[in-house]
Ligand SMILES: Nc1ncnc2c1ncn2[C@@H]1O[C@H](COP(=O)(O)OP(=O)(O)O)[C@@H](O)[C@H]1O
Ligand SMILES: [Mg+2]
């Protein structure tokens with residue numbers, strides 16, 4: 001839709017020769033792509049194609065073997081994972097909850113704490129600014145809980161939520177860090193059609209808010225429906241890239257998919 005305009009602006013994320021090698025395995029090789037501000041950019045490919053590794057590289061959870069990644073024109077190389085979050089990139093994990101016993105509200109407050117100045121020291125001496133900040137955080141946490149339809153579950157342990165609710169909690173926690181770019185790794189996995197519909201609506205709302213979204217999924221139908229552009233990865237290499245309808249009709253993509261699944 002707005003991919004016409006976006007191609008005239010500078011990319012928010014750009015990779016150059018992105019390569020990640022694990023021993024003899026080239027998990028991602030010499031990958032170049034650009035994502036423009038406000039885009040909903042998709043990454044698809046068969047199992048083991050290297051999709052999650054691309055996210056791991058962006059978030060500095062695996063080292064690059066070669067190449068570089070630029071966010072708003074600045075290299076992410078050599079940053080620590082938490083520094084990537086501070087720059088404005090956050091990821092929603094493929095697995096469910098990271099802290100099963102921790103209540104919903106605490107998860108979200110923890111995400112928020114990456115932007116607030118609250119330190120251990122401040123929480124002990126509690127200056128006036130601390131109370132103000134905590135109030136703002138609680139207000140924001142309530143908004144996120146409402147946004148992800150988790151009202152009434154604030155004090156529930158994350159593990160007691162349904163799978164789809166846990167995914168929405170992960171999304172709320174990611175959003176709490178106030179990202180400019182959000183990475184979603186298989187956000188629809190294990191969901192029924194209604195739950196997928198709810199997750200799509202959330203992603204579209206986030207995007208309306210001006211955020212850039214980078215999503216990985218297997219589900220070609222869903223990806224075709226929501227993405228502005230799609231990159232197809234096979235054996236760690238770019239197979240093709242383009243508008244959803246172009247990609248879906250590409251015989252190499254169809255072959256990689258039928259061969260892979
Ligand atoms: N930390 C790692 N150490 C060694 N091999 C890995 C590691 N992470 C991923 N791989 C391998 O890299 C390849 C790509 O994995 P991954 O990026 O998870 O694929 P996808 O998300 O597309 O299914 C796979 O062969 C996988 O086994
Ligand atoms: Mg994966």
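Just wondering, is there one or more residues in region 217-226 that are closer than 29 Å to residue 86 by Cβ and at pLDDT 95 or above? Within region 217-226 (the criterion being closer than 29 Å to residue 86 by Cβ and at pLDDT 95 or above), the answer is yes, since at least one residue qualifies.
Every condition in (1) within 16 Å of ligand 2 (Cβ to nearest atom); (2) crowded, with 19+ Cβ neighbours inside 10 Å holds for residue 189 except the one numbered (2). Residues in region 183-196 that are within 16 Å of ligand 1 (Cβ to nearest atom) and either touching a helix residue (DSSP H, G or I) at 6+ places or on another chain (Cβ under 7 Å) or modelled with pLDDT of 95 or more (or both) were compared, and the one that is farthest from residue 91 (Cα to Cα) is 190.
Checking the conditions here, which among 69, 35, 58 is under 14 Å from residue 84 (Cβ atoms), away from ligand 2 (no atom under 16 Å from the Cβ), crowded, with 18+ Cβ neighbours inside 10 Å and at pLDDT 95 or above?
Working: 35 fails: under 14 Å from residue 84 (Cβ atoms); 58 fails: away from ligand 2 (no atom under 16 Å from the Cβ).
The conditions single out 69.
When we screen 199, 223 for residues that are within 16 Å of ligand 1 (Cβ to nearest atom), outside the structural domain of residue 149 (by TED's automatic domain parsing) and assigned to a helix (DSSP H, G or I), the only hit is 223. Screening region 72-86 for residues that are surrounded by fewer than 16 Cβ atoms within 10 Å (Cβ to Cβ) and under 30 Å from residue 163 (Cα atoms) and picking the one that is farthest from ligand 1 (Cβ to nearest atom) gives 86. When residue 180 is tested against (1) surrounded by fewer than 18 Cβ atoms within 10 Å (Cβ to Cβ); (2) more than 20 Å from residue 59 (Cα to Cα); (3) at pLDDT 95 or above, just one condition goes unmet, and that condition is (2).
Give region 199-213 a look and list any residue that's surrounded by 18 or more Cβ atoms within 10 Å (Cβ to Cβ) and in contact with a helix residue (DSSP H, G or I) (Cβ under 8 Å, 6 or more places away or on another chain), or say none. Within region 199-213, 199, 202, 203, 206, 213 meet the criteria.
Residue 45: more than 13 Å from ligand 1 (Cβ to nearest atom), touching a strand residue (DSSP E or B) at 6+ places or on another chain (Cβ under 8 Å) and in contact (Cβ under 8 Å) with a residue 40 or more places away in the chain, yes or no?
Criteria not met by residue 45.
The values are calculated or read from the model by the stated rules, or taken from the named source; none is laboratory data. Owing to the predicted nature of the structure, the values given are computational and were not obtained by experimental measurement. In this analysis, Cβ positions are derived from the backbone assuming ideal geometry, glycine residues included, and neighbour counts consider all displayed protein chains.
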